[in-house]
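Below: the structure, in structure tokens.
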Amino acid sequence: MKLIRCAFVLMILSAGFTARAETTPLVRAQLDTVGFAVDREDFARVLYAANTAEGLNDPLKRRSAWPAVAAILPHDDYLYAGRTAVHALPYLRADRWVVFGVCHACRRLGVRDRLLLDDYDAWRVAGQDFPVDEKLRVELLARLGDGAEVSRERHAEEHSVEALLPWIGAGAGDFTFVPILVPGMEPAHLDSLAGELAGILAGICRERGWTPGKDLGLMISADAVHYGCDGWGDHPYDEFGCDEAGHAAARDQDIRLAQTTLAGALGPAAIDGFIRRVWDRDGEDYPAYPYKITWCGLYSIPFGLTVAEKLEADLGAEPLTGTLLRYGDSVTDGRLECDTQYLGVTAPNTLRHWVGYPAIVYR
């Protein structure tokens, strides 16, 4: 019965996408027009400035990079996060990407336990249209069943996916993608749903002869700690204080967290270690306030990494290993020096309000 149901859903969804393709394409407009570049020229300036500032203009280094099966990149303002994000670009080679985004509004709206996909034909970011892989999206929706739904509204109002598309394009060139927002879910459900998605992707890879890293990549959108005494609402995270010593301590905590749970051998123990360190499941306000440490990849990171780990296992590949390419933050790095026409920032970068940025790749 499940196979019949999937085939029926595939037929209906395919018919819908085909009918729309014959009319006007549905293109998602860019949400953040301040922190993210709105035209190609400004993004090119950001890219050049970030590469130059980090000494990454050596073409030999680019050619020696290996293709990443998965990656974690930040989704904050380009002038803050660009110096970190640019380090991953040589490793981004795949022709198509599943992009796991943070659903910032889902907790407030009570949306949990199911993946949110879109129904756009393309996303316009930084003056460029990035095409959605409709065939892959249709298959995922059909095979995931009750584990996923289409939510155009949530995707239209969320910036965590759009931020990464120009960065992927700068590394991979032309690509297609499927955006997936990951709301809150308990670890057992997260593991089960991620395993289901990994099995579906593994089956598709075998059917089509795809190699992860070359034909398919997994991108995880996540900022690191959101720290400070000001501007964080009712739950400021300022465990170490809001001076230079507090900044240094919080930054060191982030780097240790990344090195001990996200870098190195990827497996269930490492992913569980991230959950235990970051989620406050015993807190009085859980799940309304789920943080021990306020990482903005609370759910996208463990979900995306579980998919990556189980995908490789299902395909009989060697376990993945993560490499922390760079950790940055908006105070240490400051604003990228870049002469752009429209680009700005959406938040301050002070000792009382700052954000951390991870760039991690997996092979």
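The values are calculated or read from the model by the stated rules, or taken from the named source; none is laboratory data. Here the structure is a predicted model, which means the values were calculated and not measured. For neighbour counting, all protein chains shown are included, and Cβ atoms are generated from backbone atoms with ideal geometry for every residue, glycine included.
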- Quickly run through region 273-302 and pick out the residues that are hydroxyl-bearing (Ser, Thr, Tyr) and not in a helix (DSSP H, G or I). 286, 289, 291, 294, 299
- Item | Of all residues in region 208-237 being without any contact (Cβ under 8 Å) to a residue 40 or more places away in the chain and in contact with a helix residue (DSSP H, G or I) (Cβ under 8 Å, 6 or more places away or on another chain), the one that is nearest to residue 294 (Cα to Cα) | 211
- Query: Does region 344-362 hold any residues that are assigned to a strand (DSSP E or B) and within 14 Å of residue 78 (Cβ to Cβ), and which are they?
  - Reply: 355, 357, 359
- Item | In region 100-136, residue surrounded by the most Cβ atoms within 10 Å (Cβ to Cβ) [restricted to those that are touching a residue at least 12 places away in the same chain (Cβ under 8 Å) and among the small types (Gly, Ala, Ser)] | 101
- For residue 333, the lone unmet condition from (1) touching a Lys or Arg at 6+ places or on another chain (Cβ under 6 Å); (2) at pLDDT below 95 is (2)
- Tell me, yes or no, whether region 178-198 has at least one residue that is crowded, with 24+ Cβ neighbours inside 10 Å, touching a helix residue (DSSP H, G or I) at 6+ places or on another chain (Cβ under 6 Å) and assigned to a helix (DSSP H, G or I). yes
- Message: Going by what's in this entry, would residue 294 be described as closer than 19 Å to residue 252 by Cα, in contact with a strand residue (DSSP E or B) (Cβ under 7 Å, 6 or more places away or on another chain), modelled with pLDDT of 95 or more and buried (at least 22 other Cβ atoms within 10 Å of the Cβ)?
- Response: yes
- Message: Out of 333, 339, I need the residue that is assigned to a loop (DSSP other than H, G, I, E, B) and crowded, with 16+ Cβ neighbours inside 10 Å. Which one?
- Response: 333
- Task: Go through region 240-261 and give me each residue that's part of a loop (DSSP other than H, G, I, E, B) and either under 25 Å from the mean Cα position of the chain (by Cα) or of a type in the set (Gly, Ala, Ser) (or both).
- Result: 241
- Task: Look at residue 306 and say whether it is crowded, with 20+ Cβ neighbours inside 10 Å, over 27 Å from residue 233 (Cα atoms) and at pLDDT 95 or above.
- Result: yes
